[in-house]
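Student: The structure under discussion is supplied below as structure tokens; questions concerning it will follow.
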Amino acid sequence: MTQEHEAAHGVRSRRAAASEYPADRFDEIPAGGRIGAHRVTAQPRVTWHFVLGGLIGAALLTTIGIVGVTIAGSAGTLPLPSSQGPATADTKVKPKLNPEATVAVLDGTTAEGATAQALATVITDEKWGTIVLAGPAADTDTAISAVFYADAANEAAALGLAEKLGGVSTYLNADYAEGDSDLVVLIGADYAGPGKSAN
């Protein structure tokens, strides 16, 4: 019991010691009031500034994007700086027959070279070129007729011959560079004859 008595006496002596000191402002804390330097007042949140700034930025970027796409869409490309000079003159090659150009005529249809022989005769008689070969092509299911040339220097002659053959297409193709001819006429199923447009 002595220990219990001493413990109870210790609690009483602390209370007595506490009552000996005068009361100060820390003994009674007002409800809801904060006292002390460590208590900082909360700043009001200003999230509406960030929301407004984001909306203005998004609207500005959207407007710039729409204007850029409109400008690019109307011209096909973005406008170039004005420091560039005017466009150069048109460098399109004009058709010009060359009677000295060597020509191979290949029949890509099921006619087994008969169409090639007939066309070779016309090219020779009209002096549209010099025939070096006329016969069947490796494939007999060619759909579109064309004039091929392996050297860009023969483009004018290819265009001229294609025009006389009824406006068939022309193609620069290095696969024909090993042959003995400057121009290769490939007759397809669409060929209607010299001077007639292909279907």
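Student: Among 145, 169, 181, rank each residue by its count of other Cβ atoms within 10 Å, from fewest to most, as a rough exposure measure.
Tutor: So the residues, fewest neighbours to most, are 169, 181, 145.
Student: Please work out the FRET efficiency for the pair residue 172 and residue 121, using the Cβ-Cβ distance as r and a Förster radius of 25 Å; give the result to the nearest 0.05.
Tutor: According to the calculation, E is roughly 0.40.
Quick note: the coordinates plus some simple rules give every number you see, no bench work behind them. Since the structure is predicted, the reported quantities are computational estimates derived from the model, not experimental observations. Cβ sites come from the backbone with ideal geometry, for glycine too, and all protein chains shown count toward neighbours.
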